[in-house]
Every structure is written in structure tokens, then in C-alpha cells.
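The values are calculated or read from the model by the stated rules, or taken from the named source; none is laboratory data. Here the structure is a predicted model, which is why all the values come from computation and not from measurement. Counting neighbours? That spans all protein chains shown, and the Cβs are built from the backbone with ideal geometry, glycine included.
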Amino acid sequence: MNRAFAFTANIKTAATSMRLPTIVVGMIFSVWMGTAQTVVNSKHDLSTGNTGTTQWQSTNESQVCIFCHTPHKSIPGVKPLWNKSLPSNTTFSVYSSPTLDATPNPNLAGSYSLLCLSCHDGVTAMNALVNTSTVGQPAMAGNYTKLGQVYYPGSIFAEFPGANIGEGYGGVISNNLSNDHPINFVYDPAHPDVTKGTLHNPDTQPSGIGGTVSQKMLYDHVLECSSCHNPHNPTHAPFLKKSNSNSSLCLTCHNK
Amino acid sequence: MSVLLCLTYTPMPLHAQVAQSKHNLSVSGSGTIRATTEQEICKFCHIPHKASPSVPLWDHTMSSVSYSRYTSSTFTSTYKTQYPSSSSKLCLSCHDGTIAIGSISTGQITISGGASLDPDQSLAAGTTSNIGGATSTNLTDDHPISIGTPHFSAAQYNCSGCHYPRPNNIVQVECVRCHDPHSESKDGATKKFLSQSNQSSALCRTCHKKTYWATNPSIHQSSTKTTPTGWSHNGYATVATNGCESCHKPHTAGSATRLLKAVEQNTCDGCHKGTTNAGVTEKNVSSESGGPFAKTYRHPTYTMDTKHNPVNASPITSSPTEISTDVSGSNRHAECPDCHNPHGAKSGLHAVKSNSLSNALSGVWGLEPTAVASWTQPNGFTRIDPATKEYQVCMKCHSYYGLGSAPTGVTTIIGPSGTNITDQAMEYNINNYSAHPVKVGANSQTGSYAPKALASAQMTSVWNTVGTQTMYCSDCHGNDQATSTTVAQGPHGSNYKYMLTGTAKYWPTNASGTLWSLNDMRSNLNSWSTNLFCVNCHPLHSGGQWKNNVHERDDHQGSNIYCITCHVVVPHGTKRSRLIGYATDPSPYNYNGGATYAKLAVSGFRKASGPFDYSENNCTFNSVCHGNQSNTFDP
């Protein structure tokens, strides 16, 4: 059954779009836009079949989607059909500054961003799956199972875009998001910076990828990792939701 | 819901466009300095993940140099321990000129910028944007940042100007107090990323309170005259719209102390240069040809540039002051702001028969010497801020305060005219027997006895309110040219000794260098009526009439008897009536020439009851003239 889901995710046309999970629709949209890249062979493809360059690859798991999703027996209540063990500590230090008028919630429990941090915290093993295939917990090349094993201060991979966003390494939880763009905060028309004009009104500002910012980038007016990132499409590295040429992604929200 | 949205949504302001500013360093930027291929705009400064420092998600490589800082004699603040504070360090990561413009955590973005960039792609020294200067460490000529406590008083500064209503009042005096790096044209004339319009220095004045600016304003606050071509650095055209920046420059100032555009006198003569200045006609106080400071006898304004270091007065509500040691000894100086307060100065010439401070001196502080016994050097002073009388300004230097002890009134300091400088506070002491009415009208000269004033017939028609009229120092001392729209009136410089001004300018000798005598008047010699300085106000001999019977006396009109045989050479004030000097008086009160009468000859004088009531016993002499007489003589 897991195999079947993986096959679905590899679809490169819109032929069966009505039956696909929402997460796949974005991919298909990209195809329609003419940027025909998918998660397959991207850095998010941890399967044995990845022919691209990646530090992280299983030596025995050929499925692609399984590292994040499962059609059955996913973690209860965690959308979208989540198959990846979540961080044991869901509280993160968050960005703050004298001019930040938002109040990010440091507890990411229930936040979509916690899903991303289930690998990108640096300490949660990326092969810790809930519903495995017949190979069991996937074996990883070099036994590199955690981002913090490679991306840590002083390592030759430590420079940005080191994917170790949470900056845990050596198995030690850091959960440091204080030097990262804030997430898990409300960005709605009542946001003080919208009133001041330094942020665009998300309900009226075009996202540039169809619809408004609120419709295409926010989650009930909450900003998450996936407001800027599309984990399934490497077209605009690093997995950006749209091109950042002329900083157009940043300037979608920031009125600078 | 839609109604609510209309109320809360502010449309994007047109000026808030970093993409259209010089800070768009991407290939799409419009400035000289921009990337050759890089398309992203924000990334030159910001990064969304793993930023360092975290706030504000910073990514540009930081500079590690340490900076020299602004200071001045009136700067009483401390700097923060961390200098510059973190937010200003961000700006300096490009603007000190040490780090390549494209240097970010992921590598170095290639930049083109021609001569604006050094070979390492950092900002070249000499470019406007490089505020670190040639050494990349020089912030002495830039407005101070990262000011800690203690700092300035509420009398001088608006607290709310620096302390924003932000959490912890965190935004104090840092680069971002005046600049918005994301918006180039909130001040569209300056286009220096100012945080608001600085027309007429509206931005400067959010913090700075300037006396004589908001109330009782200076002509510099309102003048619609255009500044000279090339003078304005902020794009504004007039003195009023340039505001503070008519004279001050907040970055890479020409003269670091007080952030002046140039050395102090050259800041003033940037505009005040007569007709030689491109686009501007203004009174000339320059040292260029024709200017008063190019003349033979002048205040040393252009030759001393480091001596004027006033300190904050106490209470600080009054203007900065200089104590005696700041203006005496090796610190003696005469800079423009010693006599003028450019923040308070107004337009207009001084009045006649008055000593009230003239408009040009408005707002400057002065000294009122304490009255002492006759012919004693006053050494007590009351600071008057602002000065109300012109002489109070002169007294700052021409008294014990600036001269030091001189019990005889005579110092060892040789003035530009080649004679020893004397103490004017001593000479104008109201307890002296006589003095020109610079300080008080003749009737108020306490030390004088009746008749205190001259008869009105002894004066020109202008000076006809004898006894009550007063006068200015600058009635006698000033520019040798007649004042005009381009000629300044005051005692800046002159080609005549002692900077004597008026129609007649020679004293105590005539144009040929010979001492004036009554014979010149009797025989109409040496152009006395247009050259003898005293006749500007004292007719002496007109319509065939002498104005007193002393001058009328034939015996006194010999060609070898001179004005200075009886009168002091420095005719400010004396311890005898009618500015008479005694043979025992020292130079320069005593001319002390070689000939018998080329020096003071009198040994006793008693003022008569009227100008024609003098007799031989009003004067006594030891061995000359009419010898010893008996009377109650002035001491």
C-alpha cells in the first residue's frame, strides 16, 4: 500500500488530480507552470533511487514519500498523513526584536512547522518512521540519520544553507530558532505592521502563485515554514514556494 | 468585515521601495554600486535562517575594526560600553569601508562599482557612503551614535526624540534613528535614506532643541536666500530649508568638532563672502581679497582654529560658556562664535546713541564687569546670557577675564596695531572720572563730577542728547569701508590702525604719521576735518569757533603741542576728567614720544564748570607750560 502512494506522488501530469491529496496539487500546478521538477531526485528524496546529489540516502528504502507520509496508520491527528516521528521537545527559542510586533508561539505542538523540524531540528532521526515498509526502519548511508551529524558548527557543511535549522547536533537538542525568520505567529490584517504599512495586508496582497497571501501562504492567518517553502518542489532552491529573484518572495509580504 | 479592513489597511507608501533605492544592490539596482548577476535584493543584508546576529536576521559580514568617536567640549555624554551598538554595527559592515559590499555568509557576491569601490569591493575612501574615512575607523567627524548614560539634559534635547515608544525604549541614537535603510526618499531632496523629511531640519529638531530657533528665531532659521552653488550637501536650496545643515554636516564633517561643514570661519564665510560667492550676495567677513580679515588690522579669527572650546554652562539652559582660562593666556582667541551666535544672529545694523546689543550679535553671551574703585582693574564679572549690551561681548577678551592681571590697565600683550593692549573694563569702570559713554551715559558716570557731560554744542548734531546717550565700541572700531549689502560693519578688520572707523580714521597721528595738534585745526592742515578721528563726533573747531576756551587758547595751538600732550592716546576712560592724562601715565596711554610735548605733560587737572570757564589753575605742570598751579586736582 505504501508503494502505491509513492507511485501516486510521482505522477507528472494532471490526469488524476481530483483524487490526489492536496499536497500533490501544488506539484501539479508547478508542472502546469512549466517548471517540471518534483520531489523525486530532490534533496528531499531520501530513497535508494535518488540519482541526484545528496548527503542523505537510504541504502534499502526505495520509496520516496514514506519518509514523511503514509496513507495508513499515520500519526493520529497529524496532517498530512504524517509518518515521521516528531521532535521529543516541541518548544523552541524564537526570534524576537524590538521592532517585531508579532508574538511567535514557542511551542510548536500542533504547528505544521513542527513537521519540518522533525528532521530540521538536527537531532530527530530522519529514518524514525511510524509506518515502515517491509525493510523496517530505513538504513541510511554512512549511518547518517540526523542533520546534526553533518551540519554542526565547524563542520565542512556548516555553512548556509545547512539544513540544520534547529541547530541541534551531537544528539543534543538545541531547538534554536532565534536566528531564523519567525514562524507560528498570526499574520492577519490586524497585524500592527499591516496598519503601519511595513507589511502588506495578507488578505488582499497577491501571493504571486494564485490567490492572496492568506489563501496560498498562510494557515488560518498563521505563518509556517511552508508559507515560504514547498518541500516537494526544488525548482527554486532551497525548496522555495516561488522564485526569490528581486527578492520577490520576501517582498510578497514585506513592504520595503 | 470589509469596513474594518478599510479602516486598518494602509496602502503601500510609494517611498517604501528598497528595490528602487541605492540599497538595491542586486543586478536590477539603479545605483552605481550593484551586483553583476545576483538577482536577490534582501540577501545583501538579511537571511531567513541561521542569521548572525539574529536580529534583524543579519547576514552581511561584520567589520571588526574599532572606531574613534566624536567628542567636543560640550559633549557630556558617555558612550555605551558596546560601541557601536549592535544595530549601528550592521550599517558599518558596509559603510566603514572595510568589508566587501557583497560579502555574506554564503560567499562573496561580485559587485561592480567603478571608482566607488576599492579593489576588494569595499566602499572606497572619499565616497559619500564611506563614513569611516581613509582609515575606515574615523567616526570623529560623524554624528555620535550609541550614546549611553549619563547624557544630555532635557533642556537641550527632547527625550522622546531619542527614546522611541518601543519596548524598552530600545531605539536610541543609532544609525536607524535618522536613517531608514529600506527607504531612500522619505526625504526626497536629500535621498540619504532619512527616516523622515529633514526640510528645515525637521529631523534634527526631533531631538535637538535650539534656543533662538523655535522662538525668537535667528535670521538663519528663516532666510530664503539660496546657499552658494555647491554648498548644500542635502539637496535643499535655501538657508531656511537647509536648516542646521547650512553650517553642520552630520557625516564626514569638514571640521569634526561640532560637525561643521568646514573650519569655523570657513563655515561662516561659506556664505558670508560678499559678491565673490557663486549665487550669493552676503556681507563679506572673509579673509579673501577685499574681506575684512584680509586687512592689516584685524581680529585673529583666521589664524586660530583650535582655541574656541566652550563648555556647557550651569544651568545648562543657557548657552555654552568659556571660563577665564579658556580665553586668556595661550588660549586667547577671537573666533566667529565668540562674538556671534549663529543660532541667534539676526539681520540689522546697530542703532545710534545706544549701546544695546545689535542684531548681528543677538544671542551671544557677555560679561558685565563689577564696578570697582576709580582706575582699578575689575576682576569680578557677571555672566549675561544673552548679552544685552555690545560692550559685554567685547569684555570677554578685553578685560581681566581674557587679559589677566594688569593693575595699570596695560598688559604685555602687543595688539595688531603694535601697541600694548589695555583693559577696557578698567577704562569703562563707572567710578572713573571720565569715560566715553560706552557703558553708561555721561550723567551716570558715578566717578565724574559736574558738569559730567560735554555741552551739546561740543558735539555734532547727531550726538545731541548729551549726558544720556550711549555708544557702541563699534561706533569707533570697525570696518574702514562704509557698510553695505556686502560690507560688514563690525570690528572684523580694517586697514586703519586700531580699526578706527567713520569718515575720519587717523589717531593720534595724521596720515603722514605726525601727531595731531590744534595747529592743524587753526591752520587747516593735514585734512584734519576729514582725517582727525575725533571730529567724527567732536567738531572741535567749526564755523570759526572753538568749542572750549582751552583749545581756543593761542598758547595751546603751537605746532609742537599735540592732542596727546594733554589727552590719553587710548581715549576710552581715565581716572581724570575729560580723558586727560598725566605725565606719570604709562604707555600706551602716554604717547611717550621724544619731543618735549610728544608725551603727556600735565601733572594736575581740574574740570571747569563749563567749556569756556577754564583758567590757568585748571591745569598744573611741574616744569613746562604754566608751571605749578594750586587747585583740587583729579588724582
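Modelled with pLDDT of 90 or more and more than 10 Å from chain B (Cβ to nearest Cβ), is that true of A:SER174?
Yes; evaluated as a whole, the condition is true for this residue.
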>> For segment B:594-635, give me the residue count where each residue is basic (Lys, Arg) and in contact (Cβ under 8 Å) with a residue 60 or more places away in the chain.
In response: 1
> Just a yes or no: is a residue in segment B:590-600 farther than 17 Å from B:THR509 by Cα and either charged (D, E, K, R) or assigned to a loop (DSSP other than H, G, I, E, B) (or both)?
Replying inline: no
>> Quick check on B:VAL27: is it surrounded by fewer than 20 Cβ atoms within 10 Å (Cβ to Cβ), closer than 23 Å to B:THR110 by Cα, at pLDDT 90 or above and within 14 Å of another protein chain (Cβ to nearest Cβ)?
In response: yes
> Within segment A:197-226, how many residues turn out to be in contact (Cβ under 8 Å) with a residue 40 or more places away in the chain and either part of a helix (DSSP H, G or I) or within 11 Å of another protein chain (Cβ to nearest Cβ) (or both)?
Replying inline: 9
>> From the list A:ASN230, A:ASN179, exactly one residue is more than 14 Å from chain B (Cβ to nearest Cβ), under 29 Å from A:VAL39 (Cβ atoms) and surrounded by 20 or more Cβ atoms within 10 Å (Cβ to Cβ). Which is it?
In response: A:ASN230
>> Of all residues being within 9 Å of chain A (Cβ to nearest Cβ) and assigned to a loop (DSSP other than H, G, I, E, B) in segment B:163-180, which is modelled with the lowest pLDDT? Just the residue, please.
In response: B:ARG166
> Looking only at segment B:470-525, which residues are more than 31 Å from the chain's Cα centre (by Cα), without any contact (Cβ under 8 Å) to a residue 40 or more places away in the chain and within 21 Å of B:LEU454 (Cβ to Cβ)?
Replying inline: B:ASP520, B:MET521, B:ARG522
>> Scan segment B:601-621 and tell me whether some residue there is outside the structural domain of B:GLU427 (by TED's automatic domain parsing), aromatic (Phe, Trp, Tyr), farther than 26 Å from B:ALA455 by Cα and at pLDDT below 95.
In response: yes
> What tally of residues in segment B:202-231 results from selecting those that are of a type in the set (Ser, Thr, Tyr), assigned to a strand (DSSP E or B) and within 17 Å of B:GLY161 (Cα to Cα)?
Replying inline: 0
> Could we say that B:ALA334 is aliphatic (A, V, I, L, M), touching a Cys at 6+ places or on another chain (Cβ under 9 Å) and closer than 19 Å to B:TYR302 by Cα here?
Replying inline: yes
> Only one residue in A:LEU115, A:LEU100, A:LEU81, A:LEU108 is in contact with a Leu (Cβ under 7 Å, 6 or more places away or on another chain) and either under 30 Å from B:HIS163 (Cα atoms) or more than 14 Å from chain B (Cβ to nearest Cβ) (or both). Which one?
Replying inline: A:LEU108
> Taking segment B:56-103 only, how many residues are in contact with a His (Cβ under 8 Å, 6 or more places away or on another chain) and in a loop (DSSP other than H, G, I, E, B)?
Replying inline: 8
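To keep it simple, each residue is scored yes or no on (1) within 25 Å of B:PRO250 (Cα to Cα); (2) of a type in the set (Asp, Glu); (3) more than 14 Å from every other protein chain (Cβ to nearest Cβ).
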{"residue": "B:VAL65", "(1), (2), (3)": "yes, no, yes"}
{"residue": "B:GLY114", "(1), (2), (3)": "no, no, yes"}
{"residue": "B:ASP118", "(1), (2), (3)": "yes, yes, yes"}
{"residue": "B:ILE147", "(1), (2), (3)": "yes, no, yes"}
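To keep it simple, each residue is scored yes or no on (1) out of contact with any strand residue (DSSP E or B) (no Cβ under 9 Å at 6 or more places or on another chain); (2) more than 9 Å from chain A (Cβ to nearest Cβ).
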position: B:PRO48; (1), (2): yes, no
position: B:VAL55; (1), (2): yes, no
position: B:MET62; (1), (2): yes, yes
position: B:SER68; (1), (2): no, yes
position: B:SER73; (1), (2): no, yes
position: B:TYR83; (1), (2): no, yes
position: B:LEU90; (1), (2): no, yes
> Hey, among A:HIS236, A:HIS254, A:HIS191, which residue is farther than 30 Å from B:LYS186 by Cα, within 13 Å of chain B (Cβ to nearest Cβ) and surrounded by fewer than 22 Cβ atoms within 10 Å (Cβ to Cβ)?
Replying inline: A:HIS236
>> I'm trying to understand the selection: among the residues of segment B:446-497, which are farther than 21 Å from B:ASN284 by Cα and aliphatic (A, V, I, L, M)?
In response: B:ALA450, B:ALA453, B:LEU454, B:ALA455, B:ALA457, B:MET459, B:VAL462, B:VAL466, B:MET471
>> Given the criterion assigned by TED's automatic domain parsing to the domain that holds B:TYR79 and buried (at least 19 other Cβ atoms within 10 Å of the Cβ), identify the matching residue among B:SER195, B:SER183, B:SER160.
In response: B:SER183
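Does B:LYS295 satisfy the condition of being crowded, with 23+ Cβ neighbours inside 10 Å and basic (Lys, Arg)?
no
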> Do the conditions hold for B:ALA262, that is, is it closer than 22 Å to B:TRP213 by Cβ and without any contact (Cβ under 8 Å) to a residue 12 or more places away in the chain?
Replying inline: yes
>> I need the full set of residues from segment A:84-97 which are without any contact (Cβ under 8 Å) to a residue 60 or more places away in the chain and within 14 Å of chain B (Cβ to nearest Cβ), in order please.
In response: A:SER97
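Within segment B:30-46, restricting attention to residues that are part of a loop (DSSP other than H, G, I, E, B) and within 14 Å of chain A (Cβ to nearest Cβ), which residue is nearest to A:SER96 (Cα to Cα)?
Ranking the qualifying residues of segment B:30-46, first place goes to B:CYS45.
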>> Suppose the filter is of a type outside the set (S, T, N, Q), under 19 Å from the mean Cα position of the chain (by Cα) and outside any loop (DSSP other than H, G, I, E, B); does A:ILE75 pass it?
In response: no
